[in-house]
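This report refers to the structure that appears directly beneath it.
The values are calculated or read from the model by the stated rules, or taken from the named source; none is laboratory data. In this text the structure is predicted, and so the values were computed from the model without any measurement. Heads up, the Cβs are rebuilt from the backbone with ideal geometry, glycines too, and the neighbour counts pull from every protein chain shown. Note: accessible area is taken over every heavy atom of the protein model, side chains too, but ligands, DNA and RNA are not part of it. Shrake-Rupley method; radii C 1.70, N 1.55, O 1.52, S 1.80 Å.
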Amino acid sequence: MPSLHSQTNLASYTPGSTYWGRNNYTEYIAGNMPLIISAPHGGDDYPSELPNRTNTSTYTVTTDPDLWTANLARAIRTACSNRYGRYPHVIICNVDRAKVDCNREIIEGAQNNTNTQTVWKEFHAYINIARQQVSNTYGRGLYIDLHGHGHPIQKNEIGYDLSDSDMFKTTFSTTDDNESTIHALSERSRQSFTDVVRGELSLGSILEKRGYPCVPSVSSPNPGVSNGVTNAYFNGGYNTQTYGTSLANGGTIDAIQIECNYTNVRAKSSTSSYSEDVAVRANFASNLVLSLEEYFKYHLEMTLNTQATPPPSVNSFSDKTILEDGFTSTSSITLASASNTFWGESSDPNIVDASGFIFGGSGTSRNLVVRPRANAYGSNVIVMVYQQATNGGVGTDWYFLTVNPVNDAPIFSSVADRTINPGVSLAIPATATDVEGATLGYSLVSGPVGCAVNPSTGTVTWRPTIAQSGAAYPMVIRATESGVGGLSSDLSFQTTVNPATAPQVTPSWVAGAGGSSSPQLQLSMSGQVGPDYTVWASEDLVNWVNLTTTTPTVSPYVWADPNAAKFLKRFYQVKLGP
């Protein structure tokens, strides 16, 4: 493997390749992303040529290793490779912390041993090589110094070099911002420094939404207090202080220290198998990469996967508030070059989907109108705009969109007009829905005599009479929201009743039922299905007797008179109803 001393310029480092320091004590996996990961305390080599570090009158050495952090750094590299086909820069010290501490200044970290100092210098030389590579290629980036804490509270501790007392402030000061290791990022972000550190879009909060508790975050804005004592919290160290972008340091590569808790981050548990631990680290690494993908877009105004220095900002957008079913005012977009491409994305497709981004303009002067989905509303929807240059650099800008709800009138499902026979019983489900979920009541605005509406379900019922045949009847149903001032909607449709037609009656004699010797008179009635058929009988055509009323479902309808043979003469007539 190539060594540090064999590389004389940045071009000598091939992304994805590993480079070693003396005796493989330090390791640099070259990258091609604006992300640098280091693990200064993850090594377990214990070379006899390097003496153990000892306490002095000036300082007390810390020798506890950060278990599995070297493995976790490699897992993050693998997660980036799997997602993007590209690599972060990874720097690892493979020597046990008892021998060298690459997160202390050289006197404490390597003491006075020449070989140990070489290890320390190589580790930091690799960091500087990575920083120079990122700066030259992307103009800005992020350095994460990876550690592991042994505190009882299992949360990832995100360090920006803010003291314990600072962390308990409601709002951070300008001095806090200036002295932090992410000052350049904070200056670039459209959010306040307080929000960048522990707001909804802070790294801790983003990672926490993926199932990994963090401090600081929205849910844990500070370390907290137990039994009157502030809980332990590592806020940063030599590496982030040295390479971060405090106002005193300057620079464009921000630095964050992540002190990873043990359970379900560096390992599954203290008793889990190695394969289980590997899976846990891979899962955390994947979620960290996804969280950084968001973090870069929000605060570094670039994508994590950008392939070159991002183009200049498309614009500084202002947050917007509109009413439901409306659209935003036009936002101007100035492209760095007419050949650049740009597109939009929403944090909540249920409110603003891809079709809601309406771009216009030409050349370098473009514009954007955002139209949320129908009846959708919500607050703090992130409207992200990307701009990609021909060299592959991708920049981002965004704003918060709030869509305030507007009470919508009920919406009816359509009901088709229909034509029926007289006597047919209608049951039409004329139901409506309310976007806001209000309870609806139904009423009949207009309709024929006998028509009714179920006030709870909206079902329309009606059975037209013979007298109502041969006409069309408009019906209007109203749905009204419950409560004072509830909105209403009307549904109109029409029912046409066919003209009533007289049935054709055919009589015939048939054998008596049940073996009776008396024959029966059978009437076969052909006509419309729907009306009631009432059979009347008379001996003198003056006095009539109702023999039966039936609503047949088929035609012809057949009925027999078992008493017909008892009469010398009997007349029959069939009347339709109702």
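Helix 114-138 and the longest principal axis of the Cα set of the chain meet at an angle near 50°. For the range 99-111, the Karplus equation 6.51 cos²θ - 1.76 cosθ + 1.60, evaluated at θ = phi - 60°, returns couplings of 9, 8, 10, 7, 10, 10, 4, 5, 5, 6, x, 10, 6 Hz by residue, with Gly and Pro reported as x. Inter-label distance, residue 443 to residue 358: 3.8 nm, where each label sits 7 Å from its Cα along the C-beta direction. Put 90, 558 in order of accessible area, highest first, and with a 1.4 Å probe you get 558, 90. Shown is the FRET efficiency for residue 165 and residue 12, computed with R0 = 60 Å from the Cβ-Cβ distance and rounded to the nearest 0.05: 0.85. The peptide list 356-365, 193-202, put in order of mean Cβ contacts within 10 Å with the highest first, becomes 193-202, 356-365. With contacts taken as Cα pairs under 8 Å and at least 6 residues apart, the chain reaches a relative contact order of 9 percent.
For the pair the range 123-195 and the range 538-577, the centres of their Cα atoms are 99 angstrom apart. With a/c under 1.5 counting as rounded, go ahead and sort the range 104-194 into rounded, prolate or oblate using the C-alpha gyration tensor (a ≥ b ≥ c being the square roots of the eigenvalues; past the cut-off, prolate if a/b is larger than b/c, else oblate). Oblate is the answer for the range 104-194, as a/c is 1.5 or above yet b/c matches or exceeds a/b. Of all the accessible heavy-atom surface of the chain, with the other protein chains kept in place and a 1.4 Å probe, what percent is carbon and sulfur? That fraction is 50 percent. Measuring r between the beta carbons of residue 263 and residue 81 and using R0 = 22 Å, the FRET efficiency lands at 0.25. Using a cutoff of 8 angstrom between alpha carbon atoms and counting only pairs six or more residues apart, the relative contact order for the range 453-578 works out to 21 percent.
Placing unit charges on the Cβ atoms of the charged side chains and taking the dipole of the chain about its Cα centre, the candidate lying farthest along the positive direction among 390, 18, 98 is 390.
Taking the C-alpha atoms only, the angle from helix 69-84 to the longest principal axis of the chain is near 50 degrees. Relative to the longest principal axis of the Cα atoms of the chain, the long axis of helix 274-295 lies at roughly 80 degrees.
When the charge dipole of the range 110-171 is built from unit charges on Cβ atoms (+1 for Lys and Arg, -1 for Asp and Glu) and taken about the Cα centre, the candidate among 138, 152, 126 whose Cα reaches farthest toward its positive end is 138. Within the same chain, lysines fewer than 8 places from residue 268 are excluded, and of the rest, those with a Cα less than 22 Å from its Cα are 155, 209. Take the chain, drop everything but the C-alpha atoms, weight them equally and run the Debye formula without solvent; then report log10 I(q)/I(0) at 0.11 Å⁻¹ to two decimals. Normalising to I(0) and taking log10 leaves -1.04. Let me know the shape class of the range 321-469, please: from the alpha-carbon gyration tensor, a ≥ b ≥ c as square roots of the eigenvalues, rounded when a/c is under 1.5, otherwise prolate if a/b is greater than b/c, or oblate. Prolate shape, in that a/c is at least 1.5 and a/b is the bigger ratio. Could you please state, rounded to a whole Å, how far the C-alpha centre of the range 323-381 is from the C-alpha centre of the range 208-286? Here the two parts' Cα centres lie 35 Å apart. Could you tell me which of rounded, prolate or oblate describes the range 72-142, using a ≥ b ≥ c as the square roots of the eigenvalues of the alpha-carbon gyration tensor, with rounded for a/c under 1.5 and, failing that, prolate when a/b is larger than b/c and oblate otherwise? Since a/c reaches 1.5 but b/c is at least a/b, the shape of the range 72-142 is classed as oblate.
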